[in-house]
Amino acid sequence: MVDLMCGTASVAEALRVNKFKVIASDIMTFARHHATVRLLLNASPDFKGMGGANYADLLQELNSIAPREGFFFREFSPDGAPLNGERSRQYFSSANASKIDAISKTMNAWRDSKRITEIENSLLRHDLVLGANRVANIAGTYGHYRSKWNKSAANDLELFPSTFITDPNINHTVIQGAAEDVSSQIQADLCYIDPPYMKRQYAANYHVIETIARGDEPLAVGVSGLREWRDQYSNFCSKVKIRDSFRQIFTSMQCPKFLISYSEDGLLSKNELVELFSEFGSVRVSELNYQRFKSNKGGQGGKLNEYVFRLIKN
Ligand SMILES: C[S@@+](CC[C@H](N)C(=O)[O-])C[C@H]1O[C@@H](n2cnc3c(N)ncnc32)[C@H](O)[C@@H]1O
């Protein structure tokens, strides 16, 4: 089974729990870390290179680390002074931003000196992304910070231990890349696709956790401090490009069945999608009536239809 645009990897994880062999992929680095933890581990790793310290010891060390005024403090906290001269941003409290700096620098040092493995690095970065999400001063996504402070942003950033699926089978695969590119490497019985359905690019709306996941210090551009994200641009957010991207996936992946989830609010209508998918085989649609997502900035509210398309290729 494939979860081609896995995001948090919650669907990939559910497939693993149900005993399927899973391939998960996504274009974003944070999604790769989430999928790595949820598919490739069945217990906390050994951290053999860390001189006898185990996972719990390392989290304790990271949680009690001395704060450091670095990139996150400068670019994303109210006491910082962004390099591009914009007014200070408030994605995190100054205390939490400098804690992220200290933790991220330490993880980089462990990774660069090869004291931790790639999978161990993914686990620690996954924990840091989740910890940052709990104290971020945002309304749903990181497209912009909030002008008023969320209550949760005043809490101290803390890394909590992940729990692991104990199923001994960890014969799964995690890939990072554009779905259109990775599809030709994949052979499977069924592929689930949950693409973005609006114009809003994930890379631009989750730039802060992408930076946490990578541990780098990119140029923070504009008022909101966006990192350069064009290399992670998604064709699924473009009405002009989306059709060819779907076609490329269906053509290049060796897979007879696809399940595609989409929303009534999406760039393409139900009928347009049925027409497109029918180029490749028989299509059936299931509809679910849902409460429309309403961020704390407002929004439309009300009900909308969510679709699941089932394509069986000719
Ligand atoms: C709606 S979310 C998926 C949510 C996921 N089902 C979950 O449970 O978290 C869409 C995902 O598609 C990814 N994405 C967008 N365009 C992509 C592309 N061309 N190739 C691979 N992943 C892409 C985004 O990074 C995002 O994680």
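Kirkwood hydrodynamic radius of the range 48-154 from all distinct Cα pairs, in Å?
Working: mean 1/r = 0.0681 Å⁻¹.
About 14.7 Å, per the Kirkwood formula over Cα pairs.
Taking all protein chains as shown and a probe of 1.4 angstrom, residue 260 keeps an accessible surface of around 0 Å². With no solvent and one point per C-alpha, what does the Debye sum give as log10 I(q)/I(0) for the chain at q = 0.13 Å⁻¹? For the requested q values the scattering log ratios are -1.03. Taking Cβ atoms as reference points and 10 Å as the exclusive limit, the residues near residue 67 contribute a net charge of 0, counting Lys and Arg as +1 and Asp and Glu as -1.
Solvent exposure of the chain, expressed per residue, is 48 Å² of accessible area, with all protein chains present and a 1.4 angstrom probe.
Computed on protein heavy atoms with a 1.4 Å probe, the accessible areas place 210, 118, 272, 158 in the order 118, 158, 272, 210, largest first.
The reciprocal of the average 1/r between distinct C-alpha atoms defines the Kirkwood hydrodynamic radius, which for the range 91-243 equals 17.8 Å. Among the trypsin sites (Lys or Arg not before Pro) within the range 178-265, those in coil by DSSP and having at most 13 neighbouring Cβ atoms inside 10 Å are 199, 200, 239.
Computed per residue of the chain from DSSP H runs no shorter than four, each worth -39500 (n - 2.57), the mean residue ellipticity at 222 nm is -10000 deg cm²/dmol.
Using Cα positions and a limit of under 30 Å, work out the lysines in reach of residue 148, with same-chain residues fewer than 8 apart set aside. Answer for residue 148, where 30 Å is the Cα cut-off: 99, 105, 199, 294, 297, 303, listed by chain and number. Here the translational diffusion coefficient of the range 190-250 follows from Stokes-Einstein with Rh set to the Kirkwood radius across Cα pairs; for 37 °C and 0.692 mPa s it amounts to 251 µm²/s. The share of accessible area on the range 1-152 that comes from carbon and sulfur is 52 percent, using a 1.4 angstrom probe. Annotation: residue 28 carries an accessible surface of approximately 0 Å², with a 1.4 Å probe and no ligand, DNA or RNA atoms counted.
The values are calculated or read from the model by the stated rules, or taken from the named source; none is laboratory data. Keep in mind the model is a prediction, meaning the values are calculated, not measured. Backbone-built Cβ (ideal geometry, glycine too); neighbour counts: all protein chains shown. Please note that ligands, DNA and RNA were not included when accessible areas were found on the heavy atoms of the full protein model with its side chains. Shrake-Rupley method; radii C 1.70, N 1.55, O 1.52, S 1.80 Å.
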